[in-house]
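Take a look at the structure set out below.
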Amino acid sequence: MKANYSRYYQRYSSVAPFVFLWHAILTKKLRKLSLINRQKDYLRLANNPQLLALHDSLNQHLLEGIQLWKSYDYGEGYFYQSFQKIGISGFRDTQARIETMGLPELLKDRRVLEIGSNAGFLTLSVANYCSYIIGVEPAGHLVSIAKDTAAFLGVNNCEFRNSSFEEFSSATRFDTVLSFANHSTYDGNSTQSIKVYIDHCAALLCEGGMLLFESHPPEHEGEGLKTVIEEIARNFTIECSNILQYGSFLDRNRTFIVARRN
Ligand SMILES: C[S@@+](CC[C@H](N)C(=O)[O-])C[C@H]1O[C@@H](n2cnc3c(N)ncnc32)[C@H](O)[C@@H]1O
């Protein structure tokens, strides 16, 4: 069910939580969870006109996405990444992810590139640790969400590029590349082989630069992860590799690798 909820964000409505709940009852799986998240977040917007206005603009972009972006929607009509600061629940627990991966320390004062930055909620959550951070994301409506949120929060050491990673190039090199659930994508928008993808990551890094890699959940990745790790090991020294346990069922059991460019 892809409903238009914009009117509920233009003016707070006490009916809206019941509508979201009703729609959640009528649907299944991840879309049900996205509606439950929407309802939970909406209740926090009562008596907060500034946040309501932000959610209004972000929801307008989600709607543009439904109309114009025909690829798989990772957020199932709402948000894939959570962002506590602006009252957004997502399928992925951004804060727990950052803490469990140790990103504050790993990204401290570094020039960072994030591949497939989605709505930019992880980018914006780590921006204050970084020297600067660039997010690359092919879905234009997600880039608009990221830019509006950056403006709302006054974050100004980040940049969001509306581009695929394949088409992304940069004259300057980065200290760290974040490849989180992005070495392959289920939406059909990734065209590079794993070898070309990892070579591209290495080429964008300065000498001794770091690749931080997160896999897909094991049930999606299967045996293919071995090949990905072999490709990483061709260009990088793997400093640590862990299976992380945090957050929701969509966060847990992913492999996280910290690797240094040879
Ligand atoms: C599974 S989501 C992961 C989002 C984010 N990296 C995270 O882990 O929270 C995959 C993201 O990659 C983006 N994407 C798809 N094809 C891409 C490409 N060729 N280059 C860069 N990003 C791509 C999608 O639009 C989506 O936002």
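Look through Ala119, Ala139 and report the one residue that is open to solvent by less than 50 Å² (accessible area, probe 1.4 Å), under 16 Å from Gly65 (Cα atoms) and within 11 Å of the chain's Cα centre (by Cα). Exactly one of Ala119, Ala139 is open to solvent by less than 50 Å² (accessible area, probe 1.4 Å), under 16 Å from Gly65 (Cα atoms) and within 11 Å of the chain's Cα centre (by Cα), namely Ala119. Exactly one residue among Glu223, Glu219, Glu231, Glu214 is open to solvent by 30 Å² or more (accessible area, probe 1.4 Å) and touching a Lys or Arg at 6+ places or on another chain (Cβ under 9 Å), and that residue is Glu231. Are any of the residues in the range 239-256 more than 20 Å from Glu166 (Cα to Cα), part of a helix (DSSP H, G or I) and either of a type in the set (A, V, I, L, M) or at pLDDT 95 or above (or both)? Looking for residues that are more than 20 Å from Glu166 (Cα to Cα), part of a helix (DSSP H, G or I) and either of a type in the set (A, V, I, L, M) or at pLDDT 95 or above (or both), one finds none in the range 239-256, hence no.
Pick from the range 142-168 the residues that are free of Cβ contacts under 8 Å to residues at least 12 places away in the same chain and more than 10 Å from the ligand (Cβ to nearest atom): which of them is least open to solvent (accessible area, probe 1.4 Å)? Here the answer is Gly154. If the condition is being under 25 Å from Pro49 (Cβ atoms), more than 13 Å from the chain's Cα centre (by Cα), outside any loop (DSSP other than H, G, I, E, B) and in contact (Cβ under 8 Å) with a residue 60 or more places away in the chain, then the range 66-108 contributes Lys85, Ile86. Those helices (runs of 4 or more DSSP H) of the range 163-238 in which 3 or more residues are modelled with pLDDT under 95 occupy 218-221. Within the range 51-83, the residues that satisfy the criterion of being over 16 Å from Ala146 (Cβ atoms) and of a type in the set (S, T, N, Q) are Gln67, Ser71.
The values are calculated or read from the model by the stated rules, or taken from the named source; none is laboratory data. The structure presented is a predicted model; accordingly, all values stated were derived computationally and were not measured. Quick reminder, even Gly has a Cβ in these numbers, built from the backbone with ideal geometry, and neighbours come from all protein chains shown. Just so you know, the surface numbers come from the protein's heavy atoms only, side chains and all, with ligands and any DNA or RNA stripped out. Shrake-Rupley method; radii C 1.70, N 1.55, O 1.52, S 1.80 Å.
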